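The values are calculated or read from the model by the stated rules, or taken from the named source; none is laboratory data. All of these numbers come straight from a predicted model, not from anything done at the bench. A quick note on method: Cβ atoms are made from the backbone with ideal geometry, for glycine too, and the neighbour counts reach across all protein chains shown.
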Amino acid sequence: MTLDDLRVFVAVCEAGNLSAVARDLACSQPAVSQHVRRLERETGLVLLERLPRGVRPTGAGRVLLRAAADGIAGLDAALGRLDDLRRGVGGTVRIATGATTVRHFMAAGVAAFRARHPETALRFETAGSSRRCLEAVRSHRADLAWVTVGPPLEGVEQRPARELPWVLAVHVDDPLAGREAVTLDDLAGIRHIELPAHSTSRVHLETHLDRHGVRLASTTGVADWDTALLLAELGLGHAILPALPGWGAGTGDVRLVPVPGLPPLTAGWAARRFDALSPLALEFADTVVGRLAAA
């Protein structure tokens, strides 16, 4: 069993087709099959199920696929760090974020870190949701991910950093705009601007509203918190949002009214193992959290 065998096996499982992998590797399909057959001989198990069009991993194949994919991704990440050392560059920190994370949570921390480490490469991957950010960490595409902290996830550690109370974003002319706070019962009559389906924040919100028998009527959906805020400012509905750093009580034509009946969200860092992060990645994470606390 060689590293090349495992790389080819992972590629075949991801592509679902031996000939496609052969084209990508500029080799013959029998050569690709030979890598897979060698793994099957050594494990004594059938790893691929042949289909009318392509292949897919068997149960045993999925076990090997998960281990091989994690191992190869970790090795590639380590080789990247070794290459940084060989070339004498300042290293790389890879961060997975949501659509609005850098602006609201990281701006001051990024600037402070860059001032101390001008030669370090910062690579930001916009993953669009906490779930995708966590997957980027699990697959070694990112060292760190800023996420809405959720239930424990195998293979990933999460560290809470900031609590985010909920607010109702409303147009200044809305009857609720003058309230000091709104109750959960008040939310039953709003024109709700929905957060992304299956996002951690939406699941958190709907779970707690369901416990109180509150059902929201919605005709509008958005992909991120900033868009929801903008639509509320335009008077197109009401948005229930976590109070992000820098928002205050609202400006212009929007007001942010506290919703104390909802437990706050928690945002923070995720990594495969914090004790295995590079010193630069740890420093970056600590700098972001420190600047948030000082804001």
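Restricting to segment 52-65, name every residue that is surrounded by 15 or more Cβ atoms within 10 Å (Cβ to Cβ) and either within 28 Å of the chain's Cα centre (by Cα) or at pLDDT below 90 (or both).
Once the filter is applied, which keeps residues that are surrounded by 15 or more Cβ atoms within 10 Å (Cβ to Cβ) and either within 28 Å of the chain's Cα centre (by Cα) or at pLDDT below 90 (or both), segment 52-65 yields G54, V55, P57, G61, L64, L65.
Out of A295, A243, A239, A281, report the one residue that is surrounded by fewer than 18 Cβ atoms within 10 Å (Cβ to Cβ) and among the small types (G, A, S). Lay out the reasoning, then the answer.
On the way: A243 fails: surrounded by fewer than 18 Cβ atoms within 10 Å (Cβ to Cβ); A239 fails: surrounded by fewer than 18 Cβ atoms within 10 Å (Cβ to Cβ); A281 fails: surrounded by fewer than 18 Cβ atoms within 10 Å (Cβ to Cβ).
Testing whether each residue is surrounded by fewer than 18 Cβ atoms within 10 Å (Cβ to Cβ) and among the small types (G, A, S) leaves just A295.
Does L205 satisfy the condition of being buried (at least 18 other Cβ atoms within 10 Å of the Cβ), assigned to a helix (DSSP H, G or I) and either of a type in the set (S, T, N, Q) or touching a residue at least 60 places away in the same chain (Cβ under 8 Å) (or both)? It would help to see each step written out before you state the result.
Values: buried (at least 18 other Cβ atoms within 10 Å of the Cβ): yes; assigned to a helix (DSSP H, G or I): yes; either of a type in the set (S, T, N, Q) or touching a residue at least 60 places away in the same chain (Cβ under 8 Å) (or both): no.
No, not satisfied.
Only residues that are of a type in the set (V, I, T) and closer than 17 Å to E233 by Cα: list them for segment 163-212, please. Walk me through how you get there before you give the answer.
As a first pass, look at segment 163-212 and keep what is of a type in the set (V, I, T): 167, 170, 172, 182-183, 190, 193, 200, 203, 207.
Residues satisfying the conditions are V167, V170, V172, I190, I193.
What tally of residues in segment 153-176 results from selecting those that are more than 21 Å from P264 (Cα to Cα) and out of contact with any helix residue (DSSP H, G or I) (no Cβ under 6 Å at 6 or more places or on another chain)? Give the derivation first.
Filtering segment 153-176 down to residues more than 21 Å from P264 (Cα to Cα) leaves 154-156, 171-175.
Those left that are additionally out of contact with any helix residue (DSSP H, G or I) (no Cβ under 6 Å at 6 or more places or on another chain): 154, 171-175.
Residues that pass the stated criteria total 6.
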